[in-house]
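Data first, discussion second: the structure below is written as structure tokens.
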Amino acid sequence: MSKSRLNQLPNSPNHRSIYPSAPPQEAYDFGPGFLPLQPPPYTPNPGPSRVAPPVPAGPPPPFPGSSSNSPSRSRETPRDGQRRNEVRPSSAPPKSRNNKAKIADKNKKRRKNTEESNLPLRRATSEVHFAENIYEEINEHTGKFEIKPIARFQLKQKPHKKYNPQLYTKRNKPYLFYFDLTKCISYATALGGCPTTQICVSQCPQNTWTYLQMQAIANDAEFMKAVRTNVICEEDVDQNTITSFSVLKNLVNQRRCASYTVKSAAVLQRCIPQAIVSAADTAQLVANGNMSLDYLHDQFGNDVPRENDVKESSNYVGEAMTNSDGVLTKIIHDVLQTWWQTLSLVAIAGILAFIWTIIMRIFGGFMIWTSILVVIFLLTGAITISVILLIVLLIIIFIRKRISIAVALIEESSKAVGSMMSTLIFPIFPFVLHLIIFAVWGTIAVWLASTGKENCRLRDTGTGKVSNSSAPCDCLTLDTNPNCVFLNVTKEEDKVFWLQLYNIFAFFWMSCFVTALGDIALAGAFASYYWAKNKSKDVPSFPVLRSLGRAIRYNLGSLAFGSLIIAIIKLARVILEYLDQKLAKTNSKVVKTILSALKCCFWCLEVFLKFLTKNAYIMMAIYGKPFFTSAKDSFFLLARNAIRSIVIHQVAGILLFIGKAMITVGMGVVAFYYFSGQWIVEGIPRVEVYYYFVPIVVVLIGSYFIADLFFDTYEMAVDTTFICFLEDSEHNDGSPEKPYYMSKNLLDILGKTNKKEKSKV
């Protein structure tokens with residue numbers, strides 16, 4: 001046999017191609033899984049399998065990407081034994097230099113089109129798979145067509161460590177089918193998915209059916225045909241073994257086969273009943289009553305659910321589907337696509353919040369009285385509201401002096417914030433600590449949720465099936481043992497529950513502790529400003545850091561105890577919410593009433609304890625006393641000045657609410673007009689997103705958070721200044737021995753003065 005005969009390759013069903021005697025020098029990347037490979041060496045005395053089969057008579061099929069009716073060249077079948085580089089006649093003129101350039105350009109385009117559009121040809125041997133791409137090229141010198149190879153590859157697929165490609169193939173079975181949608185009516189659906197068997201199918205069910213209909217089929221051939229058409233089972237169930245109704249019923253009872261199917265449509269890769277997807281299906285159910293679940297329910301009883309039950313359960317599945325990978329991927333894409341625009345708008349919100357603090361310092365009194373007048377104007381609409389207007393006017397007249405004190409305290413707090421700008425930057429420190437605590441808690445929670453013992457089983461060598469009854473194997477040998485298959489993870493629910501409860505309690509405690517540390521640091525800084533006689537000279541340098549150092553040195557135990565109380569109340573509320581979810585199916589009005597009352601009581605208790613501990617931290621920052629002493633002193637101090645306390649908190653709350661609302665809504669409007677494309681800024685490229693509301697929501701949340709971060713500092717300044725003012729009013733009398741430390745404006749409102757010390761004669 002000649003050398004050229006040995007180098008021949010069997011004809012492909014789609015192409016007439018011959019491997020060259022030597023491997024090509026250049027390889028092109030066709031994507032992951034294709035590795036360049038030299039052809040196997042040919043032995044001098046090949047067996048019969050090396051000889052190419054005879055070429056069938058007739059013209060060859062057209063090449064991919066080319067037209068069989070092309071008039072530019074003739075197509076001839078290569079004869080048996082013809083070499084790859086043998087030329088074929090062409091109508092293209094060969095000799096001109098311009099024609100050579102055109103031919104080279106055509107060859108380049110042919111090669112590129114072949115690489116992009118043609119799939120690799122595959123040739124299976126006993127052990128490996130090969131692939132090659134070929135293309136036709138015009139020889140510059142002869143002007144004739146030649147068949148050239150592009151590259152030759154070995155097709156190599158490496159499965160995931162714990163993934164068995166024989167069980168599920170997303171490409172062949174892209175849709176998720178639920179065995180019993182009525183099981184999805186549960187709170188667990190939003191947390192852990194629908195608690196029913198779910199498998200991948202090639203297409204969603206196209207008819208409404210129940211396994212009880214199979215009982216009436218007597219013909220074995222018709223029974224097997226109905227099984228192949230309607231029955232949906234787990235992957236390890238061989239449908240050929242379902243030869244009778246009793247076998248099918250046992251599989252349904254074992255929850256290995258679905259008891260019924262509903263005509264469904266694919267929504268986000270999930271099979272959802274067509275009645276949910278299309279409202280027109282309701283009319284079809286009325287017209288074709290014998291094809292509906294209600295008809296089957298009437299015929300076979302409770303073994304088949306009603307149509308409304310499936311619709312209700314589909315709503316729960318729809319809620320769970322909103323967290324699917326496709327939607328989540330698009331949301332992440334939108335966030336990453338608009339990150340710098342989002343950060344820019346949030347930074348602008350921070351600048352506006354800082355400007356608002358300056359505005360409150362200058363126009364605080366005007367804004368407060370304007371807000372009061374607006375409320376009075378809005379209440380002058382009808383006779384019924386006029387009664388409320390009269391009551392409001394009487395209250396304002398009665399507390400007008402206290403409102404003036406509140407305005408003066410807010411202005412004084414603004415001066416304190418303006419003279420210590422580090423107080424506006426300091427909240428970043430506790431915020432970073434909160435992020436670290438949240439990250440640690442989330443990591444531990446995820447690890448606990450995925451904790452369990454891996455269950456790996458050996459595949460049956462005879463049937464190739466894997467089940468929990470198969471022999472166990474070591475999961476560490478998944479890469480080396482092809483018969484060892486990963487099944488699932490066995491979890492210890494009781495231990496994980498208590499560990500998760502302890503983890504969330506630690507999260508609450510650490511978060512409350514960081515909040516308390518930030519509060520006492522700011523309170524110490526603002527207290528040092530208030531008690532300084534000469535504000536420009538007596539205020540210490542780095543007041544926030546000094547206050548933080550004192551808190552860490554002297555008050556960590558008190559802070560830990562105060563935060564522990566709040567954490568216990570938070571944990572009790574979480575347990576009540578958990579019990580409410582678990583007992584929701586009981587439909588007991590007594591249980592629901594008791595749980596609602598307990599949740600309300602614990603919420604009120606948490607609000608009161610937060611108010612008490614916050615004022616206790618302020619007293620600790622002023623005097624350095626223990627937690628219980630500070631809490632008692634602050635509580636009775638505010639109780640003796642209850643009306644003043646209510647007025648100051650309400651007035652400050654109005655200003656802070658107006659600021660937060662204006663900044664958040666304003667930035668939300670700007671984000672809407674920009675990301676929706678209605679506002680185009682020259683020089684700033686327009687972004688394309690899947691859901692334009694995603695960056696808008698991020699901007700709204702970020703703007704509110706930044707405004708709240710600034711105004712929390714401002715609120716702490718108001719609370720600290722107010723308690724210092726009350727202490728100053730009760731313990732000092734304006735004498736040289738006990739002078740007032742309040743501002744001149746507050747002294748004028750209260751009608752008090754500091755007596756000057758008499759000069760010695």
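The values are calculated or read from the model by the stated rules, or taken from the named source; none is laboratory data. None of these values were measured; they are calculated from a predicted model. Glycine gets a Cβ as well: all are built from the backbone with ideal geometry, and neighbour counts include every protein chain shown.
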Open item on the list: Condition (residue is closer than 16 Å to Ile622 by Cβ and polar (S, T, N, Q)) applied to region 501-521: is it met by at least one residue?
Closed with: no
- [ ] Mind listing whichever residues of region 419-443 are over 30 Å from the mean Cα position of the chain (by Cα) and among the polar types (S, T, N, Q)?
- [x] Ser419, Ser422, Thr423
Task: Number of the exception - Ser324 against (1) surrounded by fewer than 16 Cβ atoms within 10 Å (Cβ to Cβ); (2) modelled with pLDDT of 50 or more; (3) out of contact with any helix residue (DSSP H, G or I) (no Cβ under 7 Å at 6 or more places or on another chain) - done: (2)
TODO: Would you tally the residues in region 516-543 being small (Gly, Ala, Ser) and within 44 Å of the chain's Cα centre (by Cα)?
DONE: 7
TODO: Go through region 193-217 and give me each residue that's free of Cβ contacts under 8 Å to residues at least 40 places away in the same chain, closer than 18 Å to Asn250 by Cα and either among the acidic types (Asp, Glu) or assigned to a loop (DSSP other than H, G, I, E, B) (or both).
DONE: Thr196, Ile217
- [ ] Working only within region 476-493, note down all residues that are in contact (Cβ under 8 Å) with a residue 60 or more places away in the chain and surrounded by 12 or more Cβ atoms within 10 Å (Cβ to Cβ).
- [x] Leu478, Val485, Phe486
Open item on the list: Test of understanding: among Ile701, Ile654, Ile663, Ile706, which residue is crowded, with 19+ Cβ neighbours inside 10 Å, out of contact with any Gly (no Cβ under 7 Å at 6 or more places or on another chain) and not polar (S, T, N, Q)?
Closed with: Ile663
TODO: Would you mind stating whether Lys170 is assigned by TED's automatic domain parsing to the domain that holds Leu248, charged (D, E, K, R) and modelled with pLDDT under 80?
DONE: no
Open item on the list: Within region 685-719, take every residue that is among the charged types (D, E, K, R) and in contact with a helix residue (DSSP H, G or I) (Cβ under 7 Å, 6 or more places away or on another chain) and give me the one that is modelled with the highest pLDDT.
Closed with: Asp719
TODO: Please verify whether region 719-737 includes one or more residues that are touching a Leu at 6+ places or on another chain (Cβ under 7 Å), within 30 Å of Asp334 (Cα to Cα) and part of a helix (DSSP H, G or I).
DONE: no
- [ ] State all residues of region 348-367 that are without any contact (Cβ under 8 Å) to a residue 60 or more places away in the chain and farther than 16 Å from Val651 by Cβ; if no residue qualifies, say none.
- [x] Ile351, Ile355, Ile362
- [ ] Taking Thr451 as meeting all but one of (1) surrounded by fewer than 16 Cβ atoms within 10 Å (Cβ to Cβ); (2) free of Cβ contacts under 8 Å to residues at least 24 places away in the same chain; (3) over 30 Å from Lys752 (Cβ atoms), write down the number of the exception.
- [x] (2)
- [ ] Please enumerate the residues belonging to region 386-418 that are among the polar types (S, T, N, Q) and either assigned to a loop (DSSP other than H, G, I, E, B) or at pLDDT 85 or above (or both).
- [x] Ser413
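Report yes if Val466 is in contact with a Gly (Cβ under 7 Å, 6 or more places away or on another chain) and of a type outside the set (Gly, Ala, Ser), otherwise no.
Spelling it out, it is not the case that Val466 is in contact with a Gly (Cβ under 7 Å, 6 or more places away or on another chain) and of a type outside the set (Gly, Ala, Ser).
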Task: Condition broken by Gly524, with the remaining ones in (1) free of Cβ contacts under 8 Å to residues at least 40 places away in the same chain; (2) surrounded by 17 or more Cβ atoms within 10 Å (Cβ to Cβ); (3) closer than 28 Å to Lys415 by Cβ satisfied - done: (1)
TODO: Kindly check whether there is at least one residue in region 251-260 that is within 36 Å of the chain's Cα centre (by Cα), of a type in the set (Lys, Arg) and under 17 Å from Leu212 (Cα atoms).
DONE: yes
Task: Residue check for Lys249: at pLDDT 65 or above, surrounded by 13 or more Cβ atoms within 10 Å (Cβ to Cβ) and assigned to a helix (DSSP H, G or I) - done: yes
TODO: Give the number of residues within region 650-703 that are assigned to a loop (DSSP other than H, G, I, E, B) and closer than 17 Å to Val335 by Cα.
DONE: 10
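Only one of Ile643, Ile622 is among the aliphatic types (A, V, I, L, M), under 25 Å from Ser419 (Cα atoms) and out of contact with any Leu (no Cβ under 6 Å at 6 or more places or on another chain); which?
Selected residue: Ile622, the only one of Ile643, Ile622 that is among the aliphatic types (A, V, I, L, M), under 25 Å from Ser419 (Cα atoms) and out of contact with any Leu (no Cβ under 6 Å at 6 or more places or on another chain).
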Open item on the list: Tell me whether region 617-626 contains one or more residues that are over 30 Å from Arg550 (Cα atoms) and either of a type in the set (Lys, Arg) or touching a residue at least 24 places away in the same chain (Cβ under 8 Å) (or both).
Closed with: no
- [ ] Taking Lys401 as the residue in question, decide whether it is out of contact with any Cys (no Cβ under 6 Å at 6 or more places or on another chain), free of Cβ contacts under 8 Å to residues at least 60 places away in the same chain, over 22 Å from Ser703 (Cβ atoms) and surrounded by fewer than 18 Cβ atoms within 10 Å (Cβ to Cβ).
- [x] no
- [ ] Determine if region 711-724 includes at least one residue that is hydrophobic (A, V, I, L, M, F, W, C), over 30 Å from Ile428 (Cα atoms) and surrounded by 21 or more Cβ atoms within 10 Å (Cβ to Cβ).
- [x] no
